[in-house]
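Read through the structure below, which is laid out as structure tokens, and then see the notes.
The values are calculated or read from the model by the stated rules, or taken from the named source; none is laboratory data. From a predicted model like this one, the values you see are computed outputs, not experimental measurements. Note: ideal-geometry Cβ built from the backbone for every residue, glycine included; neighbour counts use all protein chains shown. When the accessible area is computed, the model is the full protein with side chains, heavy atoms only, and any ligands, DNA or RNA have been set aside. Shrake-Rupley method; radii C 1.70, N 1.55, O 1.52, S 1.80 Å.
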Amino acid sequence: SGKLCFKERKSAAKDLYNELEKLYLAHKNMLGEGPILRIITHSHGGNVLLNLAKIIPEHSHLVIDEAIILACPV
């Protein structure tokens, strides 16, 4: 939402994880291997990405290879 709300950012991070997981599995099913993930964020998107790092399950095969965080209000 862009609001300064930790609950919203955590919720957005969960949504982002779920969508990335779908993309990862679709790529792996189609090409036989997972994609290289480079995520570029701006402003509060950086906070969402930082929250994503906290919620990715330890057993997850999802790996973010590169993160570029621009103008993040941390």
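The string of couplings for segment 12-17 from the Karplus curve (6.51, -1.76, 1.60, θ = phi - 60°) is 5, 5, 5, 4, 4, 4 Hz, one whole number per residue in order, with x for Gly and Pro.
Ignoring everything except DSSP H segments at least 4 long, calculate the 222 nm mean residue ellipticity for the chain; use -39,500 (n - 2.57) per segment, divide by total residues, nearest 500.
Values: 2 runs with 38 residues, N = 74.
My calculation for the chain gives -17500 deg cm²/dmol from helical runs alone.
Give the accessible surface of the chain per residue, rounded to a whole number of Å², with probe radius 1.4 Å and ligands, DNA and RNA excluded. Can you show the working numbers first?
On the way: 5370 Å² over 74 residues.
Accessible area per residue, the chain: 73 Å².
Once the convex hull of all Cα atoms in the chain is built, its volume per residue stands at 85 Å³.
Rank by packing, highest mean first: peptides 10-19, 25-34, 40-49, with packing defined as the count of other Cβ atoms within 10 Å averaged across residues.
Numbers: 10-19: 15.1, 25-34: 10.8, 40-49: 17.7.
The most tightly packed comes first, giving 40-49, 10-19, 25-34.
Carbon and sulfur together cover what percent of the accessible area of the chain at a 1.4 Å probe radius?
Numbers: 3090 of 5370 Å².
Of all accessible area on the chain, carbon and sulfur atoms account for 58 percent.
Projecting the Cα atoms of Met30, Ser11, Ile69 onto the charge dipole of the chain, computed from C-beta unit charges around the Cα centre, puts Ser11 farthest toward the positive end.
Counting lysine pairs in the chain that sit 8 or more residues apart in sequence, or on different chains, and whose Cα atoms lie under 26 Å apart gives 11.
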